[in-house]
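The structure appears right after this line, and notes come after that.
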Amino acid sequence: MNEDELKFLVVWLILNGEVEKALEFLAKHYHTEKPKLKVGLPKGRKRKALGCYDSKTRTIHVLNSEIFNNPFVILHEFYHHLRTTIDKKHKGTEKYADKFAEEYIQVYKRALHASKK
C-alpha cells in the first residue's frame with residue numbers, strides 16, 4: 001500500500017467507527033506501538049479540548065463519543081503519540097500536529113473528489 005492509500009484508508013476507517021483499526025495501521029506504518037484510546041478527558045484537562053494525548057499512559061483521550069470518529073482529532077493526537085515515542089522530551093507542536101492531520105484529510109478529500117469524476 002502506498003502512502004496516499006494508507007492516508008485514505010486511515011481517514012475512512014476513523015469516519016466509519018473503526019478507530020482502533022486505523023490506529024493499528026498507523027502504528028505499523030510508523031513502527032511504533034498502538035496508543036490506547038479512551039472516551040473522556042483526564043481530570044484537570046480543559047473541557048474546551050476535543051482531545052488530548054497522555055504520554056504517561058500512551059492514551060489518546062477524546063471528549064465524547066461524537067469526537068471518537070473525528071479524523072482530525074484522532075490524527076492530531078496520534079501525532080503527539082508518535083513524537084513522544086520517538087523523543088520522550090519532545091511532544092511536537094500543535095502546528096505540526098494540525099499539519100499532520102490535515103495532510104491525511106486532504107488526501108482523503110482528493111480521492112473522493114477524483115472518484116466522482
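The values are calculated or read from the model by the stated rules, or taken from the named source; none is laboratory data. The model shown is predicted, which means the values in this text are computed figures rather than measured ones. Here the Cβ positions follow ideal geometry from the backbone for every residue, glycine too, while neighbour counts run over all protein chains shown.
Okay, residues lined up against (1) over 26 Å from residue 3 (Cβ atoms); (2) under 11 Å from the mean Cα position of the chain (by Cα):
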residue: 21; (1), (2): no, no
residue: 27; (1), (2): no, yes
residue: 32; (1), (2): no, no
residue: 42; (1), (2): yes, no
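Against the numbered list (1) surrounded by fewer than 13 Cβ atoms within 10 Å (Cβ to Cβ); (2) assigned to a helix (DSSP H, G or I), residue 1 comes up short only at (2). If you go through the range 35-78 and keep only what is among the β-branched types (Val, Ile, Thr) and assigned to a loop (DSSP other than H, G, I, E, B), you end up with just 57. The set of residues from the range 34-62 being surrounded by 16 or more Cβ atoms within 10 Å (Cβ to Cβ) and more than 21 Å from residue 24 (Cα to Cα) comprises 41, 50. Out of (1) surrounded by 14 or more Cβ atoms within 10 Å (Cβ to Cβ); (2) closer than 25 Å to residue 114 by Cα, the odd one out for residue 79 is which? Against the list (1) surrounded by 14 or more Cβ atoms within 10 Å (Cβ to Cβ); (2) closer than 25 Å to residue 114 by Cα, residue 79 comes up short only on (2). Restricting attention to the range 4-25, the residues that are touching a residue at least 24 places away in the same chain (Cβ under 8 Å) and not in a helix (DSSP H, G or I) add up to 2. In the range 52-61, the count of residues that are aromatic (Phe, Trp, Tyr), closer than 23 Å to residue 12 by Cα and at pLDDT 95 or above is zero. So which residues in the range 18-33 are in contact with a strand residue (DSSP E or B) (Cβ under 7 Å, 6 or more places away or on another chain) and surrounded by 16 or more Cβ atoms within 10 Å (Cβ to Cβ), if there are any at all? Correct list: 19, 23. Among the conditions (1) at pLDDT below 95; (2) of a type in the set (Asp, Glu); (3) under 23 Å from residue 86 (Cβ atoms), residue 20 misses just one, which is (1).
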